[in-house]
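Peer 1: Pasting in a structure now, in structure tokens, and then I'll have a few things to ask.
What follows is calculated from the coordinates using simple rules that are stated; it is not laboratory data. Here the structure is a predicted model, which is why all the values come from computation and not from measurement. Methodologically, a virtual Cβ is constructed for each residue, glycine included, from the backbone with ideal geometry; neighbour enumeration extends over all protein chains shown.
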């Protein structure tokens, strides 16, 4: 009796379709068939010669599995063309062994990983991109897969959507300890806890956040320029000079409305209706990122969605928790937990008075970015609310933002007072306040063009 291994029965060697980044079939036999090979009933199949044949067969299977992933990796890398090179690429210390890249759905985490692979490795087999959406990982463990990759000379494993694994943090820890020669870079939802509340990864993972496009990145993409980012201190004390280096090339105000409407999420470049695409993305944030990661039962989905809608309709004000609890028929404590989950998912921002934080009630709840405002409740988008949302969103990355005192909009980093002014706003100048002015090309002194704060990253 001869066992012949036929690769053609296990994989399709035709070119990978364009939607390969969505799902790659698992090239695996059913576990029962593997067991027949390992523990056969036929006495002949237990002879030493046949044992060698069985070992060879299983090794061939493993090879086919890996080759399928390598082919997918090559296809995706070769067809990756990131429209904007994100600054985060240069901020990450790539020498670290375990790197987590968090970010809200739709900001380009998958593209970021593939761009890194393309820049640093190309199709070199020491680097491999895998997506945990692959059904292969419903049957086989990440730890064993990583081990097989290492045996074949693998050095850098790029894991997309790691939270799809039920024991993802334990698996990452095991890989870290078992394969010291392996570097792992993984992406995950902004809802995930990588350090806080995650003892298995605390102390070994370096965490970074990938955000949506800044106004600066949007401008660079739309105009072909390469404007640099500036610190908040540089903008406050040198804004007139900075603006004079930008205005000879473009007038940013010509692009500002487009950005606040649809410029935050990279998928505005796709030939699909942006608002519909964003609504779909928002639903996925709640249905997958929140419910799956926070392990919330599906029956509560409608309550969380309704809560988000009510918060959007109310605008940037302090939430009436009792009223919201009555509206979605749950307790005040549950409402506050849901609000925290929505904030973790980067759907809303909670702004507190100085010195206060969750679980206290926030002084103001705002949409996380202006694009969300136009998609959730477009009939009630107030200009002042949009401008304040833009300001908070662009400073949220690196600065602490609190509710401002009387006569101001926000307190930044506990010391800096800002007032956000729409066109034609009347105010009495105060030397202790910075004024972010809408529709102002170039500022003077404490009056700073609002659009320039979009150059903070």
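Peer 1: Based on the alpha-carbon gyration tensor of region 198-325 and its eigenvalue square roots a ≥ b ≥ c, which shape applies: rounded if a/c is under 1.5, prolate if not and a/b is larger than b/c, or oblate?
Peer 2: Since a/c reaches 1.5 and a/b is larger than b/c, the shape of region 198-325 is classed as prolate.
Peer 1: Please tell me the relative contact order of region 88-209 in percent, rounded to the nearest whole number, where contacts are Cα pairs under 8 Å and at least six residues apart.
Peer 2: Relative contact order for region 88-209 comes out at 40 percent.
Peer 1: Here's something else I'd like to know. Want the number for residue 270 to residue 382: 0.36 nm per residue separation, take away the alpha-carbon distance, what's left?
Peer 2: Working: separation 112, 0.36 × 112 = 40.32 nm, distance 2.74 nm.
Residue separation times 0.36 nm, minus the Cα-Cα distance, leaves 37.6 nm.
Peer 1: From the square roots a ≥ b ≥ c of the eigenvalues of the alpha-carbon gyration tensor of region 217-455, which class results: rounded (a/c under 1.5), prolate (a/b over b/c), or oblate?
Peer 2: Judged from the Cα gyration tensor, region 217-455 comes out oblate (a/c at least 1.5, b/c at or above a/b).
Peer 1: Explain nothing, just the number: relative contact order of the chain, from Cα pairs under 8 Å at least 6 residues apart, as a whole percent.
Peer 2: So the answer I get is 13 percent.
Peer 1: In which sequence would 189, 275 go, from the one with the fewest C-beta neighbours within 10 Å to the one with the most?
Peer 2: Placing the least packed residue first, the sequence is 275, 189.
Peer 1: Can you tell me the FRET efficiency between residue 398 and residue 310 if r is taken as the Cβ-Cβ distance and R0 is 22 Å, rounded to the nearest 0.05? Mind showing how you got there, number by number?
Peer 2: Values: r = 30 Å, r/R0 = 1.38.
After rounding to 0.05, the efficiency reads 0.15.
Peer 1: For the chain, what mean projected area does the convex hull of the alpha carbons give, in nm²?
Peer 2: Average projection, Cα convex hull of the chain: 25.8 nm².
Peer 1: Moving on to the next point. If R0 is 56 Å, what FRET efficiency do you get for residue 63 and residue 414 from their C-beta distance, rounded to 0.05?
Peer 2: 0.45
Peer 1: Output needed for region 349-434: three equivalent-ellipsoid semi-axes, defined as square roots of 5 times the C-alpha gyration tensor eigenvalues, in descending order, whole Å.
Peer 2: 21, 19, 11
Peer 1: Rounding to the nearest 10 and keeping the result within 0 to 90°, find how far the Cα-based axis of helix 301-314 lies from the longest principal axis of the chain.
Peer 2: 20
Peer 1: In degrees, nearest 10, range 0 to 90: what is the angle between the Cα axis of helix 383-395 and the longest Cα principal axis of the chain?
Peer 2: 50
Peer 1: Please give the length that would be gained between residue 292 and residue 432 if that part of the chain were fully extended, namely 0.36 nm times their separation in residues minus their C-alpha to C-alpha distance (nm, one decimal).
Peer 2: 45.8 nm
Peer 1: Quick check: pseudo-label points 7 Å beyond the Cα along Cα→Cβ at residue 299 and residue 247, how many nm apart are they?
Peer 2: Placing both labels 7 Å along Cα→Cβ, they lie 6.2 nm apart.
Peer 1: At a Förster radius of 25 Å, what calculated FRET efficiency corresponds to the Cβ-Cβ distance of residue 321 and residue 423, to the nearest 0.05?
Peer 2: 0.10
Peer 1: Another one. Which peptide among 98-108, 276-286 comes first, and what is the full order, when sorted by highest mean count of other Cβ atoms within 10 Å?
Peer 2: Descending mean neighbour count gives 98-108, 276-286.
Peer 1: Moving on to the next point. Rank these for me by crowding, 247, 210, 310, going from fewest to most other beta carbons within 10 Å.
Peer 2: Numbers: 247 13, 210 20, 310 16.
By the 10 Å Cβ count, ascending, the order reads 247, 310, 210.
Peer 1: In nm, give the distance between the simple-model label positions of residue 254 and residue 332, each being 7 Å from the Cα along the Cα-to-Cβ direction.
Peer 2: Each label point is offset 7 Å from its Cα along the Cβ direction, giving 5.4 nm.
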